[in-house]
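Okay, structure first, notes after.
The values are calculated or read from the model by the stated rules, or taken from the named source; none is laboratory data. These figures come from a predicted structure and were not determined experimentally. For accessibility, only protein heavy atoms count, side chains too; no ligands or nucleic acids. Shrake-Rupley method; radii C 1.70, N 1.55, O 1.52, S 1.80 Å.
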Amino acid sequence: MAREITGFSNPLVKRVRSLREKKFRKAEGLFLAEGLRILTEAREEGVLPEMLFHAGSTHPLAAELIAAMEAAGGDVIETSADILSKISGKDNAQAVVGVYRDRLTPLAALDRTKADIWIVAQSLRDPGNLGTILRTGDAVGAGGLILIDDCVDPFSVESVRASMGALFTQSITQARWPEFMTWLRAGPGELIGTSLKATHDYQEPRYQSPSFLLVGNEAQGLPEVYEAECDLLVKMPMLGKADSLNAAVATAVMAYELLNQKRRRS
């Protein structure tokens, strides 16, 4: 049964609003997602929020979300647009905000055989890039995103928003480099890095399956010791004055090359 909250000082509003900060997300194991598109994407993947806040939206997708929550015995809270803005931190808050349990998959639980493409990001800092990389992974049918070392929080409001729902279609794993390499070398898989020092054009090799596409930090790229452990290093042609692409753009170019090779072999 839905309930109503009208006060800004309500303890639940304060608790949910605190999930905009990483330390509270980590402590609670919860994160925020906002907007009908993202929450509907999650529902279509069989994932419902633990709490659903809405401001009396009459949109059919909102009605479906509310009905699904009530059928599952979830917590539905009707509130005002102002309180939704307070929770989300946006002046023009979306019609719905969901509170979800975090979706980290342990490295040992990954099934590398379920997909031909996996994306591995090392020390990624920008939430927009992380969200865009998740969307790319979804688009090419990747198995998931493996975050190496100290990456931006995938469950920050900004990362979730940038993923446009792909957060719910892609598995997300966090690991340190030695742990990842031990796991990777225990089974099949080719590790592919991009580097300005590479001699191979990115369209030259015949990539193996599964392919693990390694992208480095936006400013520094991949550390040399990480490049040395790659099975292949490739580079994309740069015909203008720029010496590199944005991390998310480079990931998309490489991911589609991997996908296109797979399509040509099929």
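How much accessible area per residue does the stretch 64-153 have, counting only protein heavy atoms and a probe of 1.4 Å, in square angstrom?
I get 38 Å² per residue for this part.
Can you give me the long-range amide H partners of Leu191? Hydrogens built in the peptide plane at 1.01 Å from N, cutoff under 5 Å, separation of 5 or more residues or another chain.
Phe212, Asp231, Leu232
Of all the accessible heavy-atom surface of the chain, with the other protein chains kept in place and a 1.4 Å probe, what percent is carbon and sulfur?
Of the solvent-accessible surface of the chain, carbon and sulfur hold 49 percent.
Please list, in order along the stretch 196-202, the HN-Hα scalar couplings obtained from phi with the Karplus expression 6.51 cos²θ - 1.76 cosθ + 1.60 (θ = phi - 60°), rounded to whole Hz, x for Gly and Pro.
5, 8, 5, 9, 8, 5, 5
Apply the a/c threshold of 1.5 to the C-alpha gyration tensor of the stretch 13-105 and tell me whether it is rounded, prolate or oblate.
Taking the square roots of the gyration eigenvalues as a ≥ b ≥ c, the stretch 13-105 is oblate.
Each residue of the stretch 179-195 in order: what ³J(HN,Hα) in whole Hz does its phi give by Karplus 6.51 cos²θ - 1.76 cosθ + 1.60, θ = phi - 60°, with x for Gly and Pro?
Each residue of the stretch 179-195 in turn: 4, 4, 5, 4, 5, 4, 6, 7, x, x, x, 9, 9, 10, x, 9, 8 Hz.
With just the Cα atoms defining each centre, how far is the stretch 86-119 from the stretch 215-262? Give it in Å.
Taking the Cα centre of the stretch 215-262 as reference, the centre of the stretch 86-119 is 24 Å away.
Residues of the stretch 201-266: accessible area per residue at 1.4 Å, in Å²?
Per-residue value: 58 Å².
I'd like the antiparallel share, as a percent to the nearest 5, of DSSP beta bridges with both residues in the chain.
Beta bridges within the chain, antiparallel portion: roughly 25 percent.
List the relative contact order of the chain as a percent without decimals, with contacts defined as Cα pairs under 8 Å and 6+ residues apart.
19 percent
Once amide H atoms are built 1.01 Å from N in the peptide plane, which residues 5 or more positions from Phe8, or in another chain, come under 5 Å H to H?
none
Could you give the angle, 0 to 90 degrees to the nearest 10, between helix 247-265's Cα long axis and the longest principal axis of the Cα atoms of the chain?
Value to nearest ten degrees: 70.
Percent antiparallel among DSSP beta bridges with both residues in the stretch 1-159, to the nearest 5?
45 percent
Looking at the stretch 121-266, what % of its DSSP beta bridges pair antiparallel, to the nearest 5?
5 percent
Pairs of lysines 8 or more apart, or on different chains, with alpha carbons under 29 Å: count those in the chain, would you?
Counting lysine pairs in the chain gives 18.
At 222 nm, what value in deg cm²/dmol follows for the chain if DSSP H runs of at least 4 each add -39500 (n - 2.57) and the sum is divided by all its residues, to the nearest 500?
Helix-only estimate at 222 nm: -10500 deg cm²/dmol.
For the stretch 168-173, take each phi angle, set θ = phi - 60°, evaluate the Karplus expression 6.51 cos²θ - 1.76 cosθ + 1.60, and give the result in whole Hz per residue in order, putting x for glycine and proline.
Values, residue by residue: 9, 10, 10, 6, 10, 10 Hz.
Per residue, how much accessible area does the stretch 1-59 have with a 1.4 Å probe, in Å²?
Accessible area per residue, the stretch 1-59: 57 Å².
On full extension of the chain, what length is gained from Lys26 through Met238, given 0.36 nm per residue of separation minus the C-alpha to C-alpha distance?
Here the answer is 72.3 nm.
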